[in-house]
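The values are calculated or read from the model by the stated rules, or taken from the named source; none is laboratory data. Note that the coordinates shown come from a computational prediction; the quantities given were computed from them, not determined experimentally. Positions of Cβ are generated from backbone atoms using ideal geometry, with glycine treated the same way; all protein chains shown enter the neighbour counts. Just the protein is used for accessible areas: all its heavy atoms, side chains included, with ligands, DNA and RNA removed. Shrake-Rupley method; radii C 1.70, N 1.55, O 1.52, S 1.80 Å.
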Amino acid sequence: MCGIVGYIGTKEASGILLEGLRKLEYRGYDSAGIATVLEGEIHCVRAKGKLHNLEEKLVGETNPARLGIAHTRWATHGKPEEYNAHPHMDMAKRIAVIQNGIIENYRELREELKSRGCEFRSDTDTEVIPHLIAEELSKAEQVAEEPLIEAVRQVVRKLRGAFAIAVICADYPDELIVARQQAPVVLGFGEGEFYCASDTPALIPYTRAILNLENGELARMTPLGVEIYSFGGQRLKKAPRTLDVNPVMVEKQGFKHYMLKEIYEQPGVVRSCLEAYVNSAWTSADHKNSPIRFDLPQSWYRNLQHVQIVACGTSWHAGLVGKYLLEQLADVPTTIHYASEFRYAPAPLVPHTLTIGVTQSGETADTLAALEMEKARRDNKSEEFEARLLGITNRPESSLGQLVSNIIDTHAGIEIGVAATKTFVAQLMAFYALAIDIAFHRQTIAAQQIEALLTGLSQLPAQIELILESQERYIEELAHDFAETQDFIFLGRGINFPIALEGALKLKEISYIHAEGYPAGEMKHGPIALLDAKVPVVAIAMPGPVFEKVLSNAQEARARDARLIGVTPMDEQDAADTFDTLIPVPHIDEILSPILTVIPLQLLAYHIAARRGLDVDQPRNLAKSVTVE
Ligand code: F6R
């Protein structure tokens, strides 16, 4: 949450910084601000609301500054008002700071600063930082060779919490200082120019040479180069790596919204996952080698007694599908936990447990903390209790990648729309492959069944394409009927229950319509009281053991006058007789169906939100990367 970006070099900083903010706006859009060093002064402009408000304020301004920082905010401490917008400055307005994260001990620091005569201009936690740096700088100038980084180093050692900061000072017009503690920041290397940002999309237009700053590290960036230090003051040797990303991936490419583009990218994402995960030469005659190329430590498969999954939001829904797959295919008892709950109330330790953290961004604070906690509490335990941590992420270079040594990369490409779509489908692919891999090693299903599953998975891209081609227009028209609807219910059972939850979450977050996902059989235990002619019910009914049960549950809703929309295969007469409206999907083995059934629900949420004229890619109050608790 919050995006930070910084530039030092030979070009005009402001354009680069604004372009960077555009790429990071998905991280928060409550306010935006920019500070540059110009003619020995800090020039700071801030605006409440989205970035275009800041851009409007800057129209007509020429700013040749070659050093600057900029911020897009997701409010934590203090209302989304201009006076709380970053950058924040010290009393003399010589130092400007931007921050992503939360300074947990800001209250005591603020009181201390106030007692020393410091006056605050905002309600934020961040403002303590420039004031503290100002104090430390006057001391460092007496003793240190590089006073600005020394002052920042002294200050970060006083801060508690998770933060990434960038600092400039009018008295040091050739320095940009960056520090990281539990919040992402990546450095970009150009020819005589250097960048920092919360995420790579802000850097991709300028450089592919990047370096992820790690926890407890500071960088001093000048036009001559970048020096990295630990918070302890030790100089560290680090080299940038080359990022393999095509800049086209972060543009809309003619789609009205990133979300729609990302929905349409899903066939390609499934293909990429298949290419990366599956050994296509494998046959059921091969009993020695797994068809899946995950290369997890062999010891992990031995005696595997329990899998526990920690995640948040949409990733939690993917984990719920994963639980179903791991239990039904690989026969491993699996528990799933909201990371925010697990970290403060962990389940008792079970021996031979595999812990999976699922996070597309790899930066979700609760998921990272849950994994860290799990690692710590298994430390120094006997071998049977040792920590076996696996991450499933779309950003292997993220904080998750630094925390966990075994990673499944979901290969979805950068996702810009705040509502997760293609990364969800990619997480499902990771769980299919993982469940098959573990099932192979544990010999819980026949080789022919594995072969059938792999064939089924290979058909998914074409089937998703078929849904997109045949249903998008229809769903767009259907969405007209629901532009004024206030409540929705989504029903599913078995492996499609998580998809009902996901359909409801997508609708809630981008259309602001109240929606609930339920296991269809649970309706009659209470929620059915909500139903009347004004509440549409979307039911996922895929042939399999619970098909008829779902149709019966749908009939119960119909008897209460609810309008029934069925996501169900073409040519299923019973379903056609049950539902008022059908959104057909191809016939498929029920266990593979979530990857198809979620597509119409994504499109429905998208078109209802677009019909309501809402900002689909940047829904209110949300941020894509939730780096605070
Ligand atoms: C919903 C959505 C969120 C995220 C959640 C976890 O569309 O995007 O619910 O799924 O914030 O984020 P990650 O997967 O980055 O840990």
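A simple spin-label model places the labels of Asp123 and Glu476 4.3 nm from each other, with each point 7 Å out along Cα-to-Cβ. Residues whose amide H comes within less than 5 Å of that of Val628, counting only those at least five positions distant or on another chain, are Ala365 (H built at 1.01 Å from N in the peptide plane). Couplings for segment 271-288, taken from phi via the Karplus curve 6.51 cos²θ - 1.76 cosθ + 1.60 with θ = phi - 60°, read 4, 4, 5, 4, 4, 6, 9, 9, 7, 5, 7, 5, 10, 5, 6, 8, 8, 8 Hz in order; Gly and Pro are left as x. Taking label positions 7 Å along the Cα-Cβ direction at both Asp171 and Glu327, the computed distance is 6.3 nm, reported to one decimal.
Using a probe of 1.4 angstrom, how much of the accessible area of the chain is carbon and sulfur, in percent?
Values: 11300 of 23810 Å².
Roughly 47 percent of what the probe reaches on the chain is carbon or sulfur.
Summary of packing: across the peptides 214-223, 605-614, 524-533, the per-residue average of other C-beta atoms within 10 Å ranks them, highest first, as 605-614, 214-223, 524-533. The angle between the Cα long axis of helix 422-442 and the longest principal axis of the Cα atoms of the chain comes to about 60 degrees, rounded to the nearest 10.
Heavy atoms of the protein chains alone define the surface here; on that basis segment 321-393 has 38 Å² accessible area per residue at 1.4 Å probe size. Over segment 3-250, the fraction of Cα-Cα pairs per 5 Å bin, rounded to whole percents and listed from the shortest bin up, is 1, 7, 15, 20, 22, 18, 11, 5, 1, 0, 0. Between amide H atoms placed 1.01 Å from N, distances below 5 Å from Val567 occur with Ala539, Ile540, Ala541, Ile583, all of them 5 or more places distant or on a separate chain.
Taking 0.692 mPa s as the viscosity and 37 °C as the temperature, the Stokes-Einstein diffusion coefficient of segment 253-445 based on its alpha-carbon Kirkwood radius rounds to 193 µm²/s.
Probing with 1.4 Å while keeping every protein chain in the model, the per residue accessible area of segment 460-616 equals 37 Å². Using a simple spin-label model with pseudo-atoms 7 Å out from Cα toward Cβ, Ala533 and Gln448 lie 5.4 nm apart.
Ranked from largest to smallest solvent-accessible area, with a 1.4 Å probe on the protein heavy atoms, Val167, Val245 come out as Val245, Val167. When +1 charges are put on Lys and Arg Cβ atoms and -1 charges on Asp and Glu Cβ atoms, the dipole computed for segment 253-445 relative to its Cα centre reaches about 160 debye.
I'd like the orientation of helix 594-611 relative to the chain: the angle between its Cα long axis and the longest Cα principal axis, in ° from 0 to 90, rounded to 10. Tilt of helix 594-611: around 60 degrees. Couplings for segment 15-31, taken from phi via the Karplus curve 6.51 cos²θ - 1.76 cosθ + 1.60 with θ = phi - 60°, read x, 5, 5, 5, 4, x, 4, 4, 6, 9, 4, 4, 7, x, 8, 7, 6 Hz in order; Gly and Pro are left as x. Against the chain, whose longest principal axis is taken from its Cα atoms, helix 128-143 shows a tilt of about 40°. DSSP bridge analysis restricted to the chain gives an antiparallel fraction near 60%, rounded to the nearest 5. In segment 199-271, one over the average inverse separation of all distinct C-alpha pairs is 15.2 Å, which is the Kirkwood hydrodynamic radius.
Quote the FRET efficiency, to the nearest 0.05, computed for Ser299 versus Ala239 with a Förster distance R0 of 45 Å and r equal to the Cβ-Cβ distance.
Numbers: r = 33 Å, r/R0 = 0.73.
Efficiency, from the Cβ-Cβ distance: 0.85.
Order these peptides, 413-426, 615-628, 54-67, by their mean beta-carbon neighbour count within 10 angstrom, highest first. Working shown, then result.
On the way: 413-426: 26.1, 615-628: 20.4, 54-67: 14.1.
Top of the packing list down: 413-426, 615-628, 54-67.
What does the charge add up to near His43, with Lys and Arg as +1, Asp and Glu as -1, over the other residues with Cβ less than 11 Å from its Cβ? Don't skip to the end; give the middle numbers.
Values: positive: Lys93; negative: Glu39, Glu41, Glu61.
Net charge around His43: -2.
For the chain, the mean projected area of the C-alpha convex hull, equal to one quarter of the hull surface, is 29.3 nm².
Taken over the C-alpha atoms, segment 460-616 has Rg and Dmax values of 14.1, 40 angstrom. Excluding Thr581 itself, calculate the net charge of residues whose Cβ lies under 9 Å from the Cβ of Thr581, where each Lys or Arg counts +1 and each Asp or Glu counts -1. Once all neighbours under 9 Å are counted, the net charge is -1.
Could you compute the net charge surrounding Thr62? Neighbours are other residues with a C-beta less than 15 Å from the C-beta of Thr62; K and R count +1, D and E count -1. So the environment of Thr62 carries a net charge of -1.
For segment 181-274, what is the accessible area per residue in Å² when the probe is 1.4 Å?
On the way: 3880 Å² over 94 residues.
Per residue, segment 181-274 has 41 Å² of solvent-accessible surface.
Look at the dipole of segment 97-178 built from charges on Cβ: of Phe163, Ala151, Ile177, the Cα furthest out on the positive end belongs to Phe163.
In the calculated pair distance distribution of segment 169-312, what percentage of Cα-Cα distances lie above 19 Å? Value for segment 169-312 (Cα pairs over 19 Å): 70 percent. Here's how it looks for Cys2: its modeled amide H is under 5 Å from those of Gly28, Trp74, which are all 5 or more places away or on a different chain. Applied to segment 350-364, the Karplus parametrisation 6.51 cos²θ - 1.76 cosθ + 1.60 on θ = phi - 60° returns per-residue 3J(HN,Hα) values of 10, x, 6, 9, 9, 10, 10, x, 10, 7, 4, 6, x, 10, 5 Hz, with x for Gly and Pro. When shorter helices are ignored and each DSSP H run of at least 4 residues is given -39500 (n - 2.57), the per-residue value for the chain at 222 nm works out to -11000 deg cm²/dmol.
Around the Cα centre of the chain, unit charges on the Cβ atoms of Lys, Arg, Asp and Glu (plus for the first two, minus for the last two) sum to a dipole of about 740 debye.
Within the same chain, lysines fewer than 8 places from Lys506 are excluded, and of the rest, those with a Cα less than 16 Å from its Cα are Lys261, Lys422, Lys624. Note on segment 3-121: the alpha carbon radius of gyration divided by the globular reference 2.2 N^0.38 Å gives 1.06.
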